[in-house]
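Each remark here refers to the structure printed beneath this line.
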Amino acid sequence: MSNKLGVYICKGCGIGESLDCDQLVKVAAEKRAPAVIHDCLCGAEGVEVIKKGIAEGINFISIVGCSKRVNFDIFQFEGCMIDRVAMRENVVWTISRENYPAKTENDDEYFIDHVQLAADDYIRMSLARLEKVKIPEPFKLESISKKILVIGGGMTGMSSALDAAKAGYEVTIVEKNSTLGGYASKMRKQIPVGEPYETLIPTMVAETIKDVQSMKNITVKTNTVVARLAGQPGEFTVTLKNPSEKIEFDVPFPLPDDMKVDANGKEYDAEKLFEIYKEYNKGKKDVLTLDPNGELFGAVILAAGWRPDVLTADGFAHLGVGDADVITNAQFEEIAAKGKIVRPSDGKEAKNVVFIQSPGAGDDRDFNYAGSVTSMVALKQAKYVREDYEDGKAYVIYQHMRTPGLTEGFYKNMQQDTGVFMTKGDVTSVEKKGSQLLVSAKDTLLGENIGIKADLVVLAAGMVPATVDDPVVNMAYRQGPGFRDNDIYDGYADSNFICFPYETQRTGIYAAGCVRRSMTIEESMEDAAGAALKAIQCIDSVNRGVSVHPRSGDMTFPDFFFQRCTQCKRCTQECPFGALDDDEKGTPKPNPTRCRRCGTCMGACPERIIGFADYNIDSIGSMVKSVWVPSEDDYYGAPMRILCLYCENDAMPALEMAAMKKAQINPQVRFIPVRCLGSVNTIWIKDALAQGMDGVFLLGCKHGDDYQCHFVKGSELADVRMAKIGDALGSLALELERVGQFEVAIDDYDKVPGIINAFVDQVVALGPNPFKGF
Amino acid sequence: MTIDKAAPASASVLVVGGGISGLTTTLETAEAGYEVLLVEKNPYLGGRVMQLNQYFPKLCPPTCGLEINFRRIRENKKIKVLTMTEVEKVEGSKGNYAVTLKISPRYVNENCTCCGACSDVCETEIENEFNFGMNRSKAAYLPAEMAYPPKFVISPEISSDDKKRVQDACKYNAIDFSMESKTITVNVAAVVWATGWKPYDATKIDNLGYGRHQNIITNMMLERMASLNGPTQGKIQRPSDGKAPKTIAFVQCAGSRDENHLPYCSYICCMASLKHATYVREQYPDAEMTIYYIDLRAPGQKYEKFYKKLKDDPKVFFVKGKVAEVAEVEDGNITVTAENAVSGEKVRQTVDLVVLATGMEPSAASDKPNADLTFTEDGFIVNDFKKGGMFAAGCANKPADVVSSNQNATGMALKAIQTVVGR
């Protein structure tokens, strides 16, 4: 079917008053696009006009009126490509007629009508785009596995398996130990989960194992770990193995940094690197080799849990670490699970137990990886002492008792027990006194330093996530076998997004439970349900051929023109989601269902061979080129043209809110929204400057450890690329100040007009681009 | 999505409440392929977090995630949204509920282009609840810049003169005073209650002087003040005279962990006050702040780091001790009295501004859903997974921060789906 263009121009919301709409029709006619003007397109009558055009065969439609952020549902037409021109926000509201009056009879032909020029350009840009885009068709896998793999058979893993199974999905749990249950099976009891928070409850382990075993659609494989997980959501090929085995499908690891350089610290060349890499991973198949005997899964839940932290004497000598009767909470739990609380040193009854919540030494922070769990565990374990011995006494010394939310009820109940003594305090020493230990603390609530004689001292060690020691998932991904940013979160497989807690940067693989944060059993089970939902949702999205969050429902995917690929590997390296695996030559192998459609690969590619149906190098490039750049031949003191490529997720709404408040933007700027700054290919910038535009700037999200980029790395990568383009400009004798990149958060709507206008002033001060008119 | 138009007769899942938890449940359910009806009693989505300036510990704007969520809603045909809608009652049982909804009139129809002409001419002013009454707004208003759906609202309090004025000003026939509240019934398989929370009424905490002294404000009021779209355009100032505060006392557990008020811990207030200290610091490099606390609940690696940042600030002081009383002295200054629990000394400190870290009360405590649910004594909805069918997400279930609420809300999406699948 051929594409038939149609332009619909709305006169509402002040557009008609500000602009010469007949002139816009003429601009459209230059592109042989018929244009219709209507008083209020978003009204029922207006929509009918568009529908009439569609009935006559129009299918590539430019709707000139308001931003795509509003009236989305109204301007949705099946089978049509819609381009929304934000004439109201980008022109009428931000370039007011008060500041830039229309041409009058007294004005000569050299009068610069800034408002109309901008409007004309946006019509050209829209039509240029529509010529270069296609209606997307979803990417569908030939066959799709809907099975879910759960890594870890503890409470989180079992719970997520049950939740997914109850929604009708087939699930396999792999557990590295010989039995299900994880840490919870080593516990005596569990902290209460509901009012009145008085008594400890039996752990739910046995009951949960029974539930798992009773579900027909759950398979359990104990003594099993994932050797490698290859492929992509909907068709992960998984090789399972016994934990002690070494097999050829063990996942290869990327070279550690220190192996990439020679003795002088100089990096080896590519050939040598590959040689070392092969040697390093000797005996292992490459990531691209699929295990013919691998099992297929659609999505994965990582519930690998945690291990108790090991406290060593060098860090905590003042707490008596090293003494047999100074133990961690985990060791205490094991003793408690076996029977009455006794001392490890001599097996005697431990009736006086001191629980130390914080390492002290002048700092009020808890032990690493503690979370609020260790506070509650201390309360629970204090109760064990009281359960076991009528005359037992438990002492809890804390800096901050952390029983948040409703768990405060448990703390409150424990405070009623006269055999449990609790105080804030800074523990200064734990010393051997005969067969006992003397715990000394200062800054207590008693107003004096205290010394407590204890049979046993328990330290509230934290819960170290499994991902600190091991990638666990063992993804056969070129970027590496584990999640990428775990170092930001001290090794947790956590999300950086408060709004989107299940973001792992690895589509189809979702973490739950203590591998994400220290959690109680109750919290872990809740988290397990969330991860199970995400796994199911990913499978459903893959089945429909659409992207998952944040571009949920997007049917486009990156398309590669491989004949021109130079194997530079940039796309593989820069993809925030590890969606590409290159082969040994460096040719990328796309995995479309891993992809989130941000376009970072498109921005990275120096050969410009990557694009999406409705968003590609040519579509944006053509928009850039369609901007009319006036020169001195056209006007005395020709206006400048400055291109702004801005993030549609945050910078665009920020600017539109500024527009709503009628903030004024310099009329020499032309705005083009991009999916993410990561998708900005520097060719657009070079093209803009080469055609005589006077400056180019990018507006995108904050980067760094607290990044706000929805695609994780986009704005950061753009920053790197912009630094490099600076060199290129220098060689063209163009000033570096002609390009810029600014961080704009969505609530910076008060600042963004100032940022833009200041940049324009900076460019104006440099004078026109010397390439103008060539 | 479909906004406020012909209401559907059925959906798979009903989500009650369009705050961050309800939005999350809605989106996660719909993106897994199920039909969702989301009802929200306010004229806009986003709930409590719409009133926040930043989230802790990232100090990022809530609208950043909301914008993405609104886009996801906009582009998903499986989602229907009704604003200004409340649940009157739920009848039936798991898999087959009949829900009666009451929809209040917005007086603005779908023709609204959000041009703002009605607001420009409207003279009637109403109490601005969004800003906790710290200023007034026009009776024809957009609840916030980012309000979604982006449609104006007209308060029933609008004067009759203004009615004519706004109608004349609107070029798009978007204003309709003949709208009346209506009641509809929908059939759904599962219900997720994401009815959220409200700040505990600080006037009930007699000894802390809120309502008697102007320069004693609540944490949520500070949040609005610090917001660019708040009553002071983002400037933190004293309500009495608009002066920049040089000394501020934060009173933790204002109502929370108190048998006479909220016996539980409200989860967020410690982190919120630490965050507020960063707001103050950004505006006033020299301001001195004292945080009076019982326990500083900043658990976990991320929160500990955030807390550390404030501990490293030489002008932020921490005192373990509950504030016993407050008194207004000269110039509107406030003297707070507390006992330092560690030194045992009585602390008396006079400050320019007092911020009460008031806790969260579940909305269901005062506005109990008419449905077969179990509540805690304090009004939180207890999740009974064995029974199933109806679930509570986010702060309707327990006090929680945003990230935990979102986790919980995602999980509840699956519980609802299980009900639909099992039907």
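Can you tell me which condition A:Phe72 does not meet? The list is (1) under 18 Å from A:Lys4 (Cα atoms); (2) within 33 Å of the chain's Cα centre (by Cα), and all the others hold.
The number of the failed condition is (1).
Identify, from the list A:Gly57, A:Gly12, the residue that is within 14 Å of another protein chain (Cβ to nearest Cβ), more than 33 Å from the chain's Cα centre (by Cα) and either more than 16 Å from A:Glu656 (Cβ to Cβ) or in contact (Cβ under 8 Å) with a residue 60 or more places away in the chain (or both). Write out each step before concluding.
Values: A:Gly57 fails: within 14 Å of another protein chain (Cβ to nearest Cβ).
Testing whether each residue is within 14 Å of another protein chain (Cβ to nearest Cβ), more than 33 Å from the chain's Cα centre (by Cα) and either more than 16 Å from A:Glu656 (Cβ to Cβ) or in contact (Cβ under 8 Å) with a residue 60 or more places away in the chain (or both) leaves just A:Gly12.
Quick one: A:Val27 ticks every box in (1) buried (at least 19 other Cβ atoms within 10 Å of the Cβ); (2) in a helix (DSSP H, G or I); (3) within 14 Å of another protein chain (Cβ to nearest Cβ); (4) of a type in the set (A, V, I, L, M) bar one, so which box is it?
(3)
Can you find a residue that is part of a helix (DSSP H, G or I), within 16 Å of B:Phe132 (Cα to Cα) and either among the small types (Gly, Ala, Ser) or touching a Gly at 6+ places or on another chain (Cβ under 9 Å) (or both) anywhere in segment B:226-242?
Among the residues of segment B:226-242, at least one is part of a helix (DSSP H, G or I), within 16 Å of B:Phe132 (Cα to Cα) and either among the small types (Gly, Ala, Ser) or touching a Gly at 6+ places or on another chain (Cβ under 9 Å) (or both), which makes the answer yes.
Taking segment B:388-423 on its own, how many of its residues are under 22 Å from B:Lys94 (Cβ atoms) and more than 7 Å from chain A (Cβ to nearest Cβ)?
Residues meeting the conditions: 16.
Where the second residue is among the small types (Gly, Ala, Ser) and the first is free of Cβ contacts under 8 Å to residues at least 40 places away in the same chain and lies in segment A:733-756, which pairs have Cβ atoms under 7 Å and are six or more apart or on separate chains?
From segment A:733-756, the pairs are A:Leu736/A:Gly726; A:Leu736/A:Gly730.
If you go through segment B:365-377 one residue at a time, how many are facing chain A (nearest Cβ under 9 Å) and open to solvent by 40 Å² or more (accessible area, probe 1.4 Å)?
Counting residues in segment B:365-377 that are facing chain A (nearest Cβ under 9 Å) and open to solvent by 40 Å² or more (accessible area, probe 1.4 Å) gives 1.
Look at segment A:567-595 and say how many of its residues are more than 18 Å from A:Gly480 (Cβ to Cβ) and crowded, with 24+ Cβ neighbours inside 10 Å.
Qualifying residue count, segment A:567-595: 1.
Looking only at segment A:530-556, filter to residues that are outside any helix (DSSP H, G or I) and more than 8 Å from every other protein chain (Cβ to nearest Cβ); which one of those is farthest from B:Thr25 (Cα to Cα)?
Among those residues, the one meeting the criterion is A:Thr556.
For segment A:362-375, does any single residue satisfy the condition of being more than 14 Å from chain B (Cβ to nearest Cβ) and out of contact with any strand residue (DSSP E or B) (no Cβ under 7 Å at 6 or more places or on another chain)? Quick ask: steps written out before the conclusion?
To start, the set of residues in segment A:362-375 that are more than 14 Å from chain B (Cβ to nearest Cβ) comprises none.
Within segment A:362-375 (the criterion being more than 14 Å from chain B (Cβ to nearest Cβ) and out of contact with any strand residue (DSSP E or B) (no Cβ under 7 Å at 6 or more places or on another chain)), the answer is no, since none of the residues qualifies.
Go over the candidates A:Val238, A:Val287 one by one and state the one that is under 31 Å from the mean Cα position of the chain (by Cα), surrounded by 15 or more Cβ atoms within 10 Å (Cβ to Cβ) and part of a loop (DSSP other than H, G, I, E, B). Write out each step before concluding.
Values: A:Val238 fails: part of a loop (DSSP other than H, G, I, E, B).
Unique residue meeting the criteria: A:Val287.
Condition first: polar (S, T, N, Q) and either touching a residue at least 12 places away in the same chain (Cβ under 8 Å) or surrounded by fewer than 18 Cβ atoms within 10 Å (Cβ to Cβ) (or both). Now tell me which residues in segment B:280-328 satisfy that.
Residues of segment B:280-328 that are polar (S, T, N, Q), as a first pass: B:283, B:290, B:301.
Passing the criteria: B:Gln283, B:Thr290.
This table checks each residue for (1) over 15 Å from A:Phe711 (Cβ atoms); (2) open to solvent by less than 10 Å² (accessible area, probe 1.4 Å).
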residue	(1), (2)
A:Cys644	yes, yes
A:Ala654	yes, yes
A:Met660	yes, no
A:Asp694	yes, yes
A:Leu698	no, yes
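Determine whether B:Glu125 is among the charged types (D, E, K, R) and within 14 Å of another protein chain (Cβ to nearest Cβ).
Details: among the charged types (D, E, K, R): yes; within 14 Å of another protein chain (Cβ to nearest Cβ): no.
No: the conditions fail for B:Glu125.
List every residue pair whose Cβ atoms lie under 9 Å apart, where the two residues are 6 or more positions apart in sequence or sit on different chains, the first residue falls within segment A:433-451 and is away from chain B (no Cβ under 12 Å), and the second residue, located anywhere, is open to solvent by 40 Å² or more (accessible area, probe 1.4 Å) and part of a loop (DSSP other than H, G, I, E, B).
A:Ser435/A:Ser345; A:Ser435/A:Asp346; A:Ser435/A:Lys348; A:Ser440/A:Asn449
Out of A:Met640, A:Met652, A:Met623, report the one residue that is closer than 30 Å to A:Gly79 by Cα and touching a helix residue (DSSP H, G or I) at 6+ places or on another chain (Cβ under 7 Å). Steps first, please.
Working: A:Met640 fails: closer than 30 Å to A:Gly79 by Cα; A:Met652 fails: touching a helix residue (DSSP H, G or I) at 6+ places or on another chain (Cβ under 7 Å).
Sole residue among the options that is closer than 30 Å to A:Gly79 by Cα and touching a helix residue (DSSP H, G or I) at 6+ places or on another chain (Cβ under 7 Å): A:Met623.
Filter segment A:748-763 down to the residues that are open to solvent by 10 Å² or more (accessible area, probe 1.4 Å) and touching a helix residue (DSSP H, G or I) at 6+ places or on another chain (Cβ under 6 Å), then identify the one that is farthest from the other protein chains (Cβ to nearest Cβ).
A:Gln762
Would you be able to tell me the number of residues in segment A:361-381 that are farther than 17 Å from A:Ile191 by Cβ and either open to solvent by 10 Å² or more (accessible area, probe 1.4 Å) or outside the structural domain of A:Ala336 (by TED's automatic domain parsing) (or both)?
Result for segment A:361-381: 7.
Can you find a residue in segment A:124-142 that is modelled with pLDDT of 95 or more, in contact with a Leu (Cβ under 7 Å, 6 or more places away or on another chain) and open to solvent by less than 70 Å² (accessible area, probe 1.4 Å)?
Within segment A:124-142, one or more residues are modelled with pLDDT of 95 or more, in contact with a Leu (Cβ under 7 Å, 6 or more places away or on another chain) and open to solvent by less than 70 Å² (accessible area, probe 1.4 Å).
The values are calculated or read from the model by the stated rules, or taken from the named source; none is laboratory data. Computed from a predicted model, the values in this text were never measured in an experiment. For neighbour counting, all protein chains shown are included, and Cβ atoms are generated from backbone atoms with ideal geometry for every residue, glycine included. Surface accessibility is based on the protein's heavy atoms, side chains included, excluding ligands, DNA and RNA. Shrake-Rupley method; radii C 1.70, N 1.55, O 1.52, S 1.80 Å.
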